1. Please list, ordered by first then second residue, the pairs with beta carbon atoms under 9 Å, 6 or more apart or interchain, first in the stretch B:94-112 and within 14 Å of chain A (Cβ to nearest Cβ), second assigned to a helix (DSSP H, G or I).
2. Could you run through the stretch B:90-109 and say how many residues are surrounded by 16 or more Cβ atoms within 10 Å (Cβ to Cβ) and in contact with a Phe, Trp or Tyr (Cβ under 9 Å, 6 or more places away or on another chain)?
3. Is the stretch B:26-41 home to any residue that is aliphatic (A, V, I, L, M), surrounded by 15 or more Cβ atoms within 10 Å (Cβ to Cβ), out of contact with any Lys or Arg (no Cβ under 8 Å at 6 or more places or on another chain) and free of Cβ contacts under 8 Å to residues at least 24 places away in the same chain?
4. Only one of these conditions is not met by residue A:21: (1) assigned to a loop (DSSP other than H, G, I, E, B); (2) facing chain B (nearest Cβ under 7 Å). Which number is it?
5. What residue, of B:6, B:68, is within 21 Å of residue A:108 (Cβ to Cβ), loosely packed, with under 14 Cβ neighbours inside 10 Å and at pLDDT below 95?
6. So, in the stretch A:48-65, exactly how many residues are crowded, with 20+ Cβ neighbours inside 10 Å and either among the aromatic types (Phe, Trp, Tyr) or more than 7 Å from every other protein chain (Cβ to nearest Cβ) (or both)?
7. For the stretch A:77-88, give me the residue count where each residue is assigned to a loop (DSSP other than H, G, I, E, B) and either buried (at least 20 other Cβ atoms within 10 Å of the Cβ) or in contact with a Lys or Arg (Cβ under 6 Å, 6 or more places away or on another chain) (or both).
Protein chains: 2
Amino acid sequence: MPATTDPDGRTATAPQDDPDAPVTLINSFVVPADRDDAFYALWTQASLYFRARPGFVSLRLHRALTPDADYRYVNVANWSTRHDFNAAHATDEFRAIVTADEWKEFPASPAVYQVVIAVDADADTDAMQPAS
Amino acid sequence: MPATTDPDGRTATAPQDDPDAPVTLINSFVVPADRDDAFYALWTQASLYFRARPGFVSLRLHRALTPDADYRYVNVANWSTRHDFNAAHATDEFRAIVTADEWKEFPASPAVYQVVIAVDADADTDAMQPAS
């Protein structure tokens, strides 16, 4: 699915099986190099909503170091469970945020993942096995 | 830049300014649903090389929960500095790994980022400011 400005297309949905498993949203954004400030303002407003929802764990917003990257911004957000993730994306408040006209400037390509391998240099690395 | 199987295209390079700043590689892979085992084996071999390089911090390999995701696997890998990241990608050993014929089955789309916003639910959230 290509990056889109359609509100439905820019809402990642997770499958309904195993609702208690953690999920990670990876959402990539097309942002012109001279529109950083506008993107920051809009994205921050949306992130404040998600940070306040039950099950929010953490997020990292990444900015590309190469200006010609397809996606200059990528948000990686962890949620405690699929249930919490889906609930946060099913409210009227979320709908109002995602349908804001300002988002039409910044096509997004969201997808929902699970972490299958985790390795930390300063930790026990026996976790180098698929977690599924 | 679309996903590619060309060894040069699938090597993410970071700019040379500020070589002491941390970087994050986000590398997205096209993997057919029935080729998980082959991808795991190949990716794990490559990751063992990176894990042993100076400056490697951590990685998380993500698998999509929706089978129709453009990129069924996404690796997010943190490095201490751009210098370390670039050095790890400039060796003959890396070149031998990335040019393996088996990779032609799995187009990749790598790009290098910096973390600009980090929020953790259970930590001080005053870090909600661009880090640039």
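The values are calculated or read from the model by the stated rules, or taken from the named source; none is laboratory data. In this text, all values refer to a predicted model and were calculated from it rather than measured experimentally. Note: ideal-geometry Cβ built from the backbone for every residue, glycine included; neighbour counts use all protein chains shown.
1. Listed pairs, sorted by first residue: B:112/B:82; B:112/B:85.
2. 6
3. Here is the first cut: in the stretch B:26-41, the ones aliphatic (A, V, I, L, M) are B:26, B:30-31, B:33, B:38, B:41.
Within this subset, residues satisfying the condition of being surrounded by 15 or more Cβ atoms within 10 Å (Cβ to Cβ) are B:26, B:30-31.
Within this subset, residues satisfying the condition of being out of contact with any Lys or Arg (no Cβ under 8 Å at 6 or more places or on another chain) are B:26.
The next check asks that each one be free of Cβ contacts under 8 Å to residues at least 24 places away in the same chain; those that pass are none.
For the stretch B:26-41, residues aliphatic (A, V, I, L, M), surrounded by 15 or more Cβ atoms within 10 Å (Cβ to Cβ), out of contact with any Lys or Arg (no Cβ under 8 Å at 6 or more places or on another chain) and free of Cβ contacts under 8 Å to residues at least 24 places away in the same chain: absent.
4. Tallying (1) assigned to a loop (DSSP other than H, G, I, E, B); (2) facing chain B (nearest Cβ under 7 Å), residue A:21 fails exactly one: (2).
5. Working: B:6 fails: within 21 Å of residue A:108 (Cβ to Cβ).
Only one candidate qualifies: B:68.
6. Number satisfying all stated conditions: 2.
7. In the first step, residues of the stretch A:77-88 are kept if they are assigned to a loop (DSSP other than H, G, I, E, B); the result is A:80-81.
Retained after the next criterion (residues that are either buried (at least 20 other Cβ atoms within 10 Å of the Cβ) or in contact with a Lys or Arg (Cβ under 6 Å, 6 or more places away or on another chain) (or both)): none.
Looking only at that region, the number is 0.
Every residue, every condition in (1) in a loop (DSSP other than H, G, I, E, B); (2) over 20 Å from residue B:23 (Cβ atoms); (3) touching a Lys or Arg at 6+ places or on another chain (Cβ under 9 Å); (4) not small (Gly, Ala, Ser), yes or no:
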site	(1), (2), (3), (4)
B:43	no, no, no, yes
B:53	yes, no, no, yes
B:58	no, no, no, no
B:61	no, no, no, yes
B:68	yes, yes, no, yes
B:75	no, no, yes, yes
B:90	yes, no, no, no
